[in-house]
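Notes follow the structure.
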């Protein structure tokens, strides 16, 4: 999923789909790339589970599937707390060393 979201065009497609579902041809008009290139981006988003395609005759309607985004956000939050704890411990260590250095200079 992170690979799918790494590309700015794919992120823009997802942003567009947050407002409403769209046909592939409608999405292609929003970008300065070919319909074929837009379709390739969409297929990557589909493989990542971020886009759902509904086919009705010749119409291919795309909609956003936000569930994988919620899972990724949860995963990122886990590591956010991990790094916050590590940085807080580092800050305490550096503060203690600064205090020790000040005491030596004054003593």
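Quick note: the coordinates plus some simple rules give every number you see, no bench work behind them. Predicted, not measured: the structure shown is a model, and the values here were computed from it. Heads up, the Cβs are rebuilt from the backbone with ideal geometry, glycines too, and the neighbour counts pull from every protein chain shown.
Between 13, 55, 44, the GNM of the chain built on Cα springs shorter than 10 angstrom shows 55 fluctuating the most. Note on residue 100 and residue 7: the extension gain reaches 28.6 nm, defined as 0.36 nm multiplied by sequence separation minus the Cα-Cα distance.
Take each of the peptides 27-35, 78-86, average the number of other beta-carbon atoms within 10 Å over its residues, and list them starting from the highest. Present the calculation step by step, with values, prior to reporting the outcome.
On the way: 27-35: 13.3, 78-86: 9.7.
Ranking, from highest mean packing down: 27-35, 78-86.
Angle of helix 35-47 to the longest C-alpha principal axis of the chain, folded into 0 to 90 degrees and rounded to 10: 60°. Here the Gaussian network model covers the chain, with springs between Cα atoms less than 10 Å apart; of 50, 90, 62, 90 fluctuates the most. Each of residue 91 and residue 70 was given a label point 7 Å from its Cα along the Cα-to-Cβ line. The distance between the two points is 3.2 nm. So how tilted is helix 67-106 from the main axis of the chain? Cα-based, degrees 0 to 90, rounded to 10. The answer is roughly 20 degrees.
Sorting 24, 76 from the fewest to the most surrounding beta carbons within 10 angstrom yields 76, 24. A straight chain from residue 52 to residue 33 at 0.36 nm per residue would run longer than the Cα-Cα distance by 4.7 nm. Given axes a ≥ b ≥ c from the Cα gyration tensor, I'd like to know whether the range 10-50 is rounded (a/c under 1.5), prolate (a/b larger than b/c) or oblate. Cα axes put the range 10-50 in the oblate bin. Among the listed values (i) 55, 34, 25; (ii) 40, 32, 26; (iii) 84, 27, 21, the one computed from these coordinates for Cα extents along the principal axes in Å is (iii).
Each residue, residue 19 and residue 43, gets one label point 7 Å from its Cα in the Cβ direction; the gap between the two is 2.7 nm. Computed from Cα atoms, the angle from the helix 8-19 axis to the main principal axis of the chain rounds to 70 degrees. Using a cutoff of 8 angstrom between alpha carbon atoms and counting only pairs six or more residues apart, the relative contact order for the chain works out to 24 percent. By the Stokes-Einstein formula, at 1.002 mPa s and 20 °C, the range 54-107 with its Kirkwood radius over alpha-carbon pairs has D equal to 136 µm²/s.
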